[in-house]
Amino acid sequence: MQILVLLSGGLDSATCLGLAIEKVGAEKVIALNTYYGQKHKKEIECARWLANYYGVKYIELDLSPVMQFSDCSLLEHSDKSIEKRSYAEQTADNDGKPVSTYVPFRNGLFLSVAASVGLSVGADMIWYGAHADDAAGAAYPDCSRGFVDKMNGAIIEGTAGQIAIQAPFVSTNKAGVVKEGLRLRVPYEHTWSCYEGGEKPCGKCGTCIDRENAFKTNGAEDPALKLYATNQL
């Protein structure tokens, strides 16, 4: 088995990478990073670092032209501000719609591209780090179990069964992802979660709040905090 991992440089995808390597070995894992015009480009630096650290083949693609038509607040060309509230607070006010940092069909795009790249480089599995907290309240509907199952079916059908999707954390919350990553000794100090494009995490956006709570639930300190404090990241 050869696994292509969607590696953003964030906590979830880094954990997914670590798990894939544990399963099949670094020589059978390929990391795919996709730039899509996001404000937090710092995560790309983290993706490169992680790929080098684990010794896996690394591919970067620029998909930003696809997102030029969107005014999502997560995108660099948008003048909208990132909401500084938890996802639970945001979804409570959204009447079942995605949160403002939902990039239009982002994971659908990534997975489709991953299927094409994966087939071309000999992978037979695509892994991505969707988890249950992101799907809750339809905050990010392209992280839900239903989405994963349907995309998997489409990719299997469209490739004659040559490649398929696996989302190992789709039924796990963020705390569960961190628990697994701590077991795997994922170097979380070299991951980036904040949606702002600053030098340090804002600590107030939805993903910063989720990350902090996930470590607290595990009775652990986020190892990145020490590096942020000393400007070493």
Note on the stretch 188-207: residues more than 14 Å from Tyr228 (Cβ to Cβ) and either of a type in the set (Val, Ile, Thr) or surrounded by 17 or more Cβ atoms within 10 Å (Cβ to Cβ) (or both) are Tyr195, Cys205, Gly206, Thr207
Flagged in the stretch 105-123 as under 18 Å from the mean Cα position of the chain (by Cα), of a type outside the set (A, V, I, L, M) and either over 23 Å from Lys174 (Cβ atoms) or at pLDDT below 95 (or both), in numbering order, are Ser112, Gly118
Note on the stretch 173-231: residues more than 26 Å from Ala136 (Cα to Cα) and among the aromatic types (Phe, Trp, Tyr) are Tyr228
Log entry, pairs with first residue in the stretch 127-139 being of a type in the set (D, E, K, R), second being assigned to a helix (DSSP H, G or I), beta carbons closer than 6 Å, six or more apart or on different chains, reads Asp133/Lys174; Asp134/Cys143
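Conditions (1) within 26 Å of Ser144 (Cβ to Cβ); (2) surrounded by 16 or more Cβ atoms within 10 Å (Cβ to Cβ), marked per residue:
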| site | (1), (2) |
| --- | --- |
| Ser13 | yes, yes |
| Glu27 | no, no |
| Glu45 | no, no |
| Tyr58 | no, yes |
| Phe69 | yes, no |
| Thr101 | yes, yes |
- Tell me, yes or no, whether the stretch 148-171 has at least one residue that is at pLDDT 95 or above, under 30 Å from His77 (Cα atoms) and charged (D, E, K, R). no
Of the candidates Ser81, Ser64, the one satisfying the condition of being of a type outside the set (A, V, I, L, M) and within 23 Å of Ala115 (Cα to Cα) is Ser64
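Go through the stretch 106-143 and give me each residue that's assigned to a loop (DSSP other than H, G, I, E, B) and out of contact with any Leu (no Cβ under 8 Å at 6 or more places or on another chain).
From the stretch 106-143, those assigned to a loop (DSSP other than H, G, I, E, B) are 122-124, 128-131, 139-140; that's our starting set.
Selection gives Gly122, Asp124, Ala130, His131, Ala139, Tyr140.
The values are calculated or read from the model by the stated rules, or taken from the named source; none is laboratory data. All of these numbers come straight from a predicted model, not from anything done at the bench. Please note: Cβ atoms are built from the backbone with ideal geometry, for glycine as well, and neighbour counts cover all protein chains shown.
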